[in-house]
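Visitor: Before anything else, here's the structure in question.
Taken together, the values in this text are just the output of simple stated rules run on the coordinates, not laboratory data. It should be emphasised that the depicted structure is a prediction, and the values quoted were computed from it without experimental measurement. Virtual Cβ from ideal backbone geometry, glycine too; neighbours counted across all protein chains shown.
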Amino acid sequence: MNRRGMILILSSPSGAGKTTIARNVREKEPRLEVSVSVTTRTRRPSEVDGTHYHFITPEKFIRMRDAGDLLEWAEVHGNYYGTPREPVENALAEGRDILFDIDWQGTLQVYDALREDTVSVFILPPSAEELRRRLERRAEDSAETISRRLANAREEIRHWREYDFVIVNHDLEISVRDVQAILVGERNRRARLPDVEAFADQLIADLGRSGAV
């Protein structure tokens, strides 16, 4: 049965694990495509342009934003992030599912534009202490940046109630399985299967002709 694609949003404070969870879910769900955001942030040594983000100048970002070419955008930690609109709308129309790794500000903008196409998951760290340890183990940010991310985590966590699902990331494998379960369930939601009504009606008619009681 044909169906419209869906958007799966994963959000969390920095260091809580959303990027790692997203990568693992993507490996297990090859039909799930990744939305590659544009950002003005400096590329980290482990990141590849066009794979993790499209790294662009602030001037180009502002031109895209002002032209309406971004589905959502936000300023986070002093940098701009955004999602190009056209690739997402094309994917949904073609029945393809898109994974978004964005923050709460971007999530609310996606809700405004495409709420019926969207399911969202907020990922919480198991504790404040573990969140700090994860940021420090990453060893890609300065001490000043880590402190700023921890301060901003309080504000980000305040928005957990705005999400459809919440996962506490105690264990990576369990968290990945939970996200997969959400994805499978949402793919089979009745409202996402416009052809199922005709299919069910045909089954009923065929059973009637077969003489089923």
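Visitor: Across all directions of projection, what mean area in square nanometres is found for the Cα convex hull of region 149-213?
Guide: Over every viewing direction, the Cα hull of region 149-213 projects on average to 7.8 nm².
Visitor: Now for a separate question. Give me the percent relative contact order of region 7-209, please, defined on Cα pairs under 8 angstrom at least 6 residues apart.
Guide: Normalised by residue count, the contact order of region 7-209 is 29 percent.
Visitor: Right, next: Quick one: length gained pulling Glu89 to Ser127 fully straight, 0.36 nm per residue minus the C-alpha distance?
Guide: The Glu89-Ser127 span can extend by a further 10.0 nm.
Visitor: Now for a separate question. Region 20-37 to region 74-138: how many Å between their Cα centroids?
Guide: 12 Å
Visitor: Moving on to the next point. Could I have the simple spin-label model distance between Arg115 and Leu193, label points 7 Å from Cα toward Cβ, reported in nm to one decimal?
Guide: Reported label-point gap for Arg115 and Leu193 is 2.5 nm.
Visitor: Does region 73-133 come out rounded, prolate or oblate by the C-alpha gyration tensor, with a ≥ b ≥ c the root eigenvalues, rounded set by a/c under 1.5 and, if not, prolate when a/b is larger than b/c and oblate if not?
Guide: Prolate is the answer for region 73-133, as a/c is 1.5 or above and a/b outweighs b/c.
Visitor: Related question: Let me know the Kirkwood hydrodynamic radius for region 1-95, please, with Cα pairs as the basis and the value in Å to one decimal.
Guide: Hydrodynamic radius (Kirkwood, Cα only) of region 1-95 equals 14.7 Å.
Visitor: Quick check for me: using +1 on Lys/Arg Cβ and -1 on Asp/Glu Cβ, what's the dipole size of region 1-81 about its Cα centre, in debye to the nearest 20?
Guide: My answer is approximately 260 debye.
Visitor: Between the DSSP loop rule and a limit of at most 12 other Cβ atoms within 10 Å, which GluC sites (Glu not before Pro) in region 86-190 are left?
Guide: Qualifying residues, ordered by number: Glu94, Glu140.
Visitor: Antiparallel as a % of all DSSP beta bridges within the chain, to the nearest 5?
Guide: 30 percent
Visitor: Let me ask something else about it. I'm spelling it out carefully: the read-out is Kirkwood radius over Cα pairs in Å, the candidates are (1) 32.7; (2) 17.6; (3) 18.7, and one was derived from this structure. Which label?
Guide: Only one option fits the structure, namely (3).
Visitor: Still on this structure, please answer the following. Under 5 Å between amide hydrogens, which residues at least 5 positions from His54 or on another chain qualify, with H placed 1.01 Å from N in the peptide plane?
Guide: The answer is Ser37, Val38, Thr39.
Visitor: Could you point to the residue in Pro87, Pro126, Phe55 farthest towards the positive end of the chain's charge dipole, with +1 and -1 charges on the Cβ of Lys/Arg and Asp/Glu respectively?
Guide: Value computed over the given set: Pro126.
Visitor: Turning to a different aspect of this structure: List Asp206, Asp69 from most exposed to least, where exposure is judged by having the fewest other Cβ atoms within 10 Å.
Guide: Asp206, Asp69
Visitor: Calculated FRET efficiency, His54 and Ala200, Cβ-Cβ r, R0 30 Å, to nearest 0.05?
Guide: Once rounded, the FRET efficiency stands at 0.10.
Visitor: Ordered by residue, what ³J(HN,Hα) values in Hz, to whole numbers, does region 199-206 give under the Karplus form 6.51 cos²θ - 1.76 cosθ + 1.60, where θ = phi - 60° and Gly and Pro are x?
Guide: 5, 5, 4, 5, 4, 4, 5, 5
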